[in-house]
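Novice: Please find one structure pasted underneath; my questions will follow.
The values are calculated or read from the model by the stated rules, or taken from the named source; none is laboratory data. Everything numeric in this text was worked out from a predicted model, so none of it was measured. Positions of Cβ are backbone-derived with ideal geometry, glycine not excepted, and every protein chain shown enters the neighbour counts.
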(Lines give C-alpha, C1' and ligand atoms only; values in the text may rest on other atoms or scores of the structure.)
Protein backbone atom coordinates (compact mmCIF):
# COMPACT_ATOMS: atom_id res chain seq x y z
CA UNK A 1 0.00 0.00 0.00
CA UNK A 2 2.80 2.42 0.90
CA UNK A 3 4.64 1.70 -2.34
CA UNK A 4 1.44 2.34 -4.35
CA UNK A 5 0.99 5.75 -2.67
CA UNK A 6 4.67 6.58 -3.19
CA UNK A 7 4.47 5.57 -6.86
CA UNK A 8 1.33 7.68 -7.33
CA UNK A 9 3.04 10.65 -5.68
CA UNK A 10 6.12 10.28 -7.93
CA UNK A 11 3.96 10.09 -11.06
CA UNK A 12 2.05 13.21 -9.99
CA UNK A 13 5.27 15.12 -9.22
CA UNK A 14 6.75 14.04 -12.55
CA UNK A 15 3.69 15.25 -14.43
CA UNK A 16 3.80 18.58 -12.61
CA UNK A 17 7.48 18.96 -13.45
CA UNK A 18 6.76 18.34 -17.14
CA UNK A 19 3.94 20.88 -17.10
CA UNK A 20 6.27 23.37 -15.43
CA UNK A 21 8.94 22.83 -18.08
CA UNK A 22 6.41 23.25 -20.88
CA UNK A 23 5.03 26.48 -19.48
CA UNK A 24 8.55 27.78 -18.89
CA UNK A 25 9.36 27.16 -22.56
CA UNK A 26 12.06 24.58 -21.86
CA UNK A 27 12.22 21.70 -24.27
CA UNK A 28 14.80 19.24 -25.44
CA UNK A 29 16.75 19.28 -28.67
CA UNK A 30 15.80 16.79 -31.37
CA UNK A 31 18.29 14.04 -32.20
CA UNK A 32 18.38 11.59 -35.08
CA UNK A 33 20.61 8.53 -35.31
CA UNK A 34 21.60 6.96 -38.59
CA UNK A 35 24.48 4.82 -39.83
CA UNK A 36 27.35 5.37 -37.38
CA UNK A 37 26.31 9.02 -36.94
CA UNK A 38 24.11 11.16 -34.68
CA UNK A 39 22.81 14.63 -35.57
CA UNK A 40 21.09 17.07 -33.18
CA UNK A 41 19.16 20.28 -33.89
CA UNK A 42 17.95 22.76 -31.26
CA UNK A 43 14.32 23.01 -30.18
CA UNK A 44 14.34 26.81 -30.33
CA UNK A 45 16.12 29.58 -32.21
CA UNK A 46 15.75 33.32 -32.67
CA UNK A 47 14.78 35.08 -35.88
CA UNK A 48 17.08 37.88 -37.05
CA UNK A 49 15.61 40.69 -39.19
CA UNK A 50 12.63 38.41 -39.94
CA UNK A 51 14.58 36.50 -42.61
CA UNK A 52 17.47 34.71 -40.90
CA UNK A 53 17.59 31.93 -38.32
CA UNK A 54 21.02 31.24 -36.80
CA UNK A 55 21.31 27.84 -35.17
CA UNK A 56 23.87 25.24 -34.15
CA UNK A 57 23.78 21.66 -35.42
CA UNK A 58 25.77 19.00 -33.57
CA UNK A 59 27.17 15.92 -35.30
CA UNK A 60 28.93 12.90 -33.81
CA UNK A 61 30.38 10.06 -35.87
CA UNK A 62 33.42 7.81 -35.98
CA UNK A 63 35.82 6.93 -38.76
CA UNK A 64 36.16 3.27 -39.74
CA UNK A 65 38.70 1.06 -38.02
CA UNK A 66 41.31 0.38 -40.71
CA UNK A 67 43.45 -1.90 -38.52
CA UNK A 68 42.09 -4.95 -40.37
CA UNK A 69 43.53 -3.81 -43.72
CA UNK A 70 46.89 -3.63 -45.43
CA UNK A 71 46.57 -0.14 -46.89
CA UNK A 72 47.91 0.28 -50.44
CA UNK A 73 46.02 3.46 -51.28
CA UNK A 74 45.59 6.02 -48.48
CA UNK A 75 42.19 6.65 -46.99
CA UNK A 76 40.52 9.62 -48.66
CA UNK A 77 37.39 11.44 -47.54
CA UNK A 78 35.26 12.01 -50.64
CA UNK A 79 32.33 13.95 -49.23
CA UNK A 80 31.53 15.25 -45.79
CA UNK A 81 28.77 17.80 -45.55
CA UNK A 82 25.36 18.52 -44.12
CA UNK A 83 22.29 20.64 -44.63
CA UNK A 84 19.44 22.19 -42.68
CA UNK A 85 16.00 23.39 -43.77
CA UNK A 86 13.35 25.31 -41.88
CA UNK A 87 9.74 25.39 -43.11
CA UNK A 88 7.10 27.64 -41.56
CA UNK A 89 3.49 28.35 -42.52
CA UNK A 90 1.91 31.79 -42.37
CA UNK A 91 -1.69 31.93 -43.47
CA UNK A 92 -1.89 30.52 -47.00
CA UNK A 93 1.86 30.69 -47.68
CA UNK A 94 4.77 28.52 -46.65
CA UNK A 95 8.36 29.69 -46.25
CA UNK A 96 11.21 27.23 -46.69
CA UNK A 97 14.87 28.11 -46.30
CA UNK A 98 17.90 25.86 -46.74
CA UNK A 99 21.54 26.15 -45.64
CA UNK A 100 24.55 23.86 -45.78
CA UNK A 101 27.36 23.19 -43.33
CA UNK A 102 30.62 21.34 -43.16
CA UNK A 103 33.03 19.86 -43.61
CA UNK A 104 31.78 17.18 -41.23
CA UNK A 105 34.50 15.57 -39.11
CA UNK A 106 34.18 11.93 -38.07
CA UNK A 107 36.60 11.01 -35.30
CA UNK A 108 34.33 10.04 -32.40
CA UNK A 109 33.97 13.58 -31.02
CA UNK A 110 30.90 15.82 -31.14
CA UNK A 111 31.31 18.87 -33.36
CA UNK A 112 29.09 21.95 -33.47
CA UNK A 113 28.36 23.63 -36.79
CA UNK A 114 26.97 27.16 -36.91
CA UNK A 115 24.37 27.53 -39.64
CA UNK A 116 22.56 30.66 -40.85
CA UNK A 117 19.29 29.68 -42.55
CA UNK A 118 18.11 32.63 -44.67
CA UNK A 119 14.68 32.87 -46.26
CA UNK A 120 14.63 34.09 -49.84
CA UNK A 121 10.87 34.40 -50.15
CA UNK A 122 8.65 35.24 -47.17
CA UNK A 123 9.78 36.33 -43.71
CA UNK A 124 9.85 34.04 -40.70
CA UNK A 125 7.73 34.89 -37.64
CA UNK A 126 7.58 33.80 -34.02
CA UNK A 127 5.97 30.40 -33.56
CA UNK A 128 6.49 26.77 -34.49
CA UNK A 129 8.31 25.61 -37.61
CA UNK A 130 9.58 22.35 -39.05
CA UNK A 131 13.35 21.79 -38.94
CA UNK A 132 15.10 19.08 -40.94
CA UNK A 133 18.80 18.31 -40.95
CA UNK A 134 21.04 15.66 -42.43
CA UNK A 135 24.74 14.96 -42.71
CA UNK A 136 26.92 12.39 -44.45
CA UNK A 137 30.56 11.42 -44.56
CA UNK A 138 32.23 8.99 -47.00
CA UNK A 139 35.75 7.59 -46.89
CA UNK A 140 37.40 5.26 -49.40
CA UNK A 141 40.71 3.43 -49.34
CA UNK A 142 42.57 0.75 -51.24
CA UNK A 143 44.13 -2.31 -49.73
CA UNK A 144 43.80 -5.93 -48.76
CA UNK A 145 42.16 -7.58 -45.79
CA UNK A 146 44.73 -8.81 -43.28
CA UNK A 147 42.56 -11.87 -42.62
CA UNK A 148 42.42 -12.66 -46.37
CA UNK A 149 45.32 -11.03 -48.30
CA UNK A 150 43.79 -12.24 -51.58
CA UNK A 151 40.77 -10.00 -50.95
CA UNK A 152 42.10 -6.71 -52.30
CA UNK A 153 40.42 -3.71 -53.81
CA UNK A 154 38.89 -0.39 -52.96
CA UNK A 155 36.71 -0.23 -49.87
CA UNK A 156 34.41 2.51 -48.64
CA UNK A 157 32.26 3.43 -45.71
CA UNK A 158 29.50 6.04 -45.46
CA UNK A 159 28.21 7.47 -42.18
CA UNK A 160 24.94 9.40 -42.31
CA UNK A 161 22.05 10.60 -40.19
CA UNK A 162 18.97 12.79 -40.51
CA UNK A 163 16.50 14.36 -38.13
CA UNK A 164 13.08 16.00 -38.42
CA UNK A 165 11.54 17.98 -35.58
CA UNK A 166 9.74 21.08 -34.43
CA UNK A 167 11.60 24.28 -33.66
CA UNK A 168 10.20 27.32 -31.85
CA UNK A 169 11.18 30.60 -33.49
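Novice: What number of residues within region 45-80 are over 30 Å from residue 152 (Cβ atoms) and surrounded by 14 or more Cβ atoms within 10 Å (Cβ to Cβ)?
Specialist: 12
Novice: So, one more: Would you say residue 114 is at pLDDT 95 or above, in contact with a strand residue (DSSP E or B) (Cβ under 6 Å, 6 or more places away or on another chain) and surrounded by fewer than 15 Cβ atoms within 10 Å (Cβ to Cβ)?
Specialist: yes
Novice: Could you say which residue among 92, 88 is farther than 28 Å from residue 155 by Cα and touching a residue at least 60 places away in the same chain (Cβ under 8 Å)?
Specialist: Being farther than 28 Å from residue 155 by Cα and touching a residue at least 60 places away in the same chain (Cβ under 8 Å) holds for just one of 92, 88, which is 88.
Novice: Between 85, 119, 134, 162, which is under 27 Å from residue 52 (Cα atoms) and at pLDDT below 95?
Specialist: Step by step, each of 85, 119, 134, 162 is checked, and only 119 is under 27 Å from residue 52 (Cα atoms) and at pLDDT below 95.
Novice: State the number of residues belonging to region 27-42 that are in a loop (DSSP other than H, G, I, E, B), closer than 27 Å to residue 123 by Cβ and under 12 Å from the mean Cα position of the chain (by Cα).
Specialist: Total meeting the criteria: 2.
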